[in-house]
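Structure, as structure tokens:
No value in this document is a laboratory result; all are computed from the given coordinates. What you see is a predicted model, and the numbers here were worked out from it, not measured in a lab. Cβ coordinates were reconstructed from backbone atoms using ideal geometry, including for glycine residues, and neighbour counts include every protein chain displayed.
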Amino acid sequence: MAVLSKIRQRSFFLIVIIALALFSFVLADVIKSGTFGSSANSVGSINGTDISAQEFMQQVAMIEKQGQGTSNTQAMNTAWEQKVRSIILGEEFEKLGLKIGGEQLINVIKQNPNFAQNQQFLNAAGQFDENKFKEYIKSLKNAPNQEQWLQWKDFEKNIETYAVEQMYNTMIKSAVVTTKAEGKFAYQMEANKADFDYVTVAFSTVNDNQVKVTDEEMVAFMKKNPKKYKSDPTRSIDFITVESKPSKEDEAAMLESISGVLTGKVVYNEQTKKNDTLAGFRSVSNVGEFVNANSDIKFDSTYLAKKDLPVEFQEQLFNLPAGAVFGPYINNGHQCLSRMIARKANASAKASHILLAYKGAERSAASRTKEEAQKLANDLLAQAKANPGNFPMLAITNSDDPGSKNNGGEYDNIAPGQMTPKFNDFVFNNPVGTMGVVETEFGFHVMKVSGKNDAVLLGTVAQKIQASDATIDAAYTKASQLESSALENKNFEAVAKKAGLVVTPATNIKAYDEYVQGLGSQREIVRWSFNKETEVGAIKRFEVPQGFVVAKVKDINDTELLPLDVAKQTVEPILKNQKKAEIIKKKMSGSSLEVVSKASGASIITATAVSLKNPMITNIGMEPKVVGKAFGLAAGKTSKIIEGTSGMFMIRAKKVVKAPAISDFTTYINQEKTQNQSYASSQAYMAIKDKAEIKDNRGNF
């Protein structure tokens, strides 16, 4: 009691102490996680403009909603690129004073078919009426419910942004000028031709094991060309997969379960405290209800053509008698039983046609008259009847239907009511092989009924093949033991080998990636590998669709250069060729082609009519340095050894045939201008983006 009394007397101090302890605990966690930093509430910044995490995630959610099948990470990356572009270009627009006024906005809206062709905004002459449109917008603004008005304001803002960006791109393209001198140069690059003799020794003649390239050499090379080999921070990991796939016992249990569905089973009823005998699949009267009660995939009342059934079991399933059951069989990861419910004759059809449109027919651009179209249809029908096998070629050469002409006029799996009425009636009311002419609103059709297909209605009980809880628990235990052993042993390969498993590498992982090679969508692993506390050698266990993974961080690359495993694919061959070049040079000693040919064992070959625009040497490939040298040498002169793309070269110039003189270079000027304008806007944006100060915190989300 005395102790309790003292605690009560000092309750205030106790509360303060507990509060301070809690605060220090939270503070430590905050400092540890960096929550007080700007990254907690910001996805990043562009030129000092912070991107609010809350606003950004709302945009991500909207993109996910609009793009069916878009993952969260894909939506996040899309939202980020949109935000970066919006801010960078917005700053440029502000500097240039680019804006659009009300009249310009109306002009942009008028070009949008959703408004320009909307009957609500058309006058008696069928033209877009600005006054009607403005009245509509005014009604939205004054409406009691402001939701549509707010949606319109957002839409209007998007239109303005689009219009201003179009103005900006037009200004950039307008600034792209191609001079007469550039046109003349382009003509000469294409039309000047060089002939020369050469000797070449390919890099491939030197074995790779004769030249070694170190990691340090690759890094040094990339540092000399940082823009060319620039990279976002990357991670490389190794991982061991412990699969939780069904055991033999699990498979036996699932087979017993599906067999019970087929034959019926006895189950204990908790309410009646008695055993109940459940009917089997063959004897139930309500197949749909039975399927929904026993299947992981709900009953589908759609009639299916034979081609829509599982390929491996098409014949058995399609030819089942009414009420018969096929199975168990495995399809798409499920144990299945299928029962024939019904069969529908002529459920779909295959037909070919040749459309002969005429002036005035719906969606027609034809100039022929109706009478001419009908006469041509009758002529083609006569040809088709005389030689039915020629129908596809007649369709390809005569049909006005772009949807089928390249397929010989054929439409397969036509459902009743799918086509225009007269077309539909001819197909479904005539036997296979019938040919004739039918007129519809689109013109005259030369028709051929090629086939009729039955469809079947099946009830399928499908139970997913999956591991039992015991199997999953065993896999979890094994993965946990692997994680523990790896943390103690540090030898990842040895731990995997002892467990009878393999180590799989995953390289070049970026902070905003979603997928990990060999594992699929694994954002959690990506986030972990980029966590500030995760160091090289860090090990952690993760749950994945396949079971469990024990991952180890193998490499952390924050150098802003390509990771070494990627550099080995691009940089290592370059450095190897440079070293091979030194070896080959020693073989190619001499001052003339004849001497070099004899010393190296390579033949003297002649290249003819090679241009600078297309510096292709026959049987060798693109060699711009070699061809450029040929144009720069006087006739009869021999070059020094040239390091080409495919090997080492020595050349002797024979002649350069100059292009015939012309006075008009308009064609070449226009070609160069069009080519330069086509990528001017994107190049301008990339240049601005490259200079922007971008801080990207997507890796934390």
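Evaluated with a Cβ-only charge set (Lys, Arg +1; Asp, Glu -1), the chain carries a dipole of roughly 1800 debye about its Cα centre, given to the nearest 20. Per-residue packing, averaged as other Cβ atoms within 10 Å, sorts the ranges 678-688, 72-82 into the order 72-82, 678-688, beginning with the highest.
Counting Lys and Arg as +1 and Asp and Glu as -1 over every other residue whose Cβ lies under 14 Å from the Cβ of Val213, the net charge comes to -2. Short-range pairs are left out: with C-alpha atoms under 8 Å and at least six residues apart, the relative contact order of the chain is 22 percent. With an a/c value of 1.5 or above and a/b larger than b/c for the gyration tensor axes a ≥ b ≥ c computed over the alpha-carbon atoms, segment 93-231 is described as prolate. Which distance in Å, rounded to a whole number, links the C-alpha centroids of segment 442-512 and segment 160-230? After rounding, the separation between the Cα centres reads 43 Å. Dividing the C-alpha radius of gyration of segment 350-457 by 2.2 N^0.38 Å, with N its residue count, gives 1.02. Note on segment 464-599: with charges restricted to the Cβ of Lys and Arg (+1) and Asp and Glu (-1), its dipole about the Cα centre is near 780 debye. Using a 7 Å offset from Cα along Cα-Cβ at Lys689, what residues in segment 559-603 end up with backbone N under 12 Å from the label point? None, by backbone N distance to the label point.
Judged by the gyration tensor of its Cα atoms, with axes a ≥ b ≥ c, segment 102-175 is oblate; a/c meets the 1.5 cut and b/c is at least as large as a/b. Other residues lying with their Cβ under 15 Å from the Cβ of Ser521 contribute a combined charge of -2, Lys and Arg counting +1, Asp and Glu -1. The dipole here belongs to segment 158-311: it is taken about the Cα centre, uses +1 on the Cβ of Lys and Arg and -1 on the Cβ of Asp and Glu, and is about 400 debye. Gap in Å between the Cα centre of segment 306-370 and the Cα centre of segment 625-701? Using only Cα atoms, the two centres lie 55 Å from each other.
Tell me which label goes with the value of log10 I(q)/I(0) by the Debye sum over Cα atoms at q = 0.06, 0.10, 0.11 Å⁻¹ computed from the coordinates here: (1) -0.77, -1.39, -1.32; (2) -0.43, -1.13, -1.30; (3) -0.46, -1.05, -1.16. Of the labelled values, this structure produces (1). For the chain, the membrane-span-like helices by this rule, meaning whole DSSP H stretches whose C-alpha atoms cover at least 27 Å of axis and whose Kyte-Doolittle mean is 1.0 or above, are 11-33; this says nothing about an actual membrane. By the helix-only formula, in which each DSSP H run with n ≥ 4 contributes -39500 (n - 2.57) and the sum is divided by residues, the chain has a 222 nm mean residue ellipticity of -14500 deg cm²/dmol. Using the Cβ of Val503 as centre and a radius below 13 Å, the other residues enclosed give a net charge of +2, where K and R count +1 and D and E count -1. To the nearest 0.05, how large is the calculated FRET efficiency for Val536 and Thr214 if R₀ is 22 Å and r is the Cβ-Cβ distance? Between Val536 and Thr214 the formula returns 0.65.
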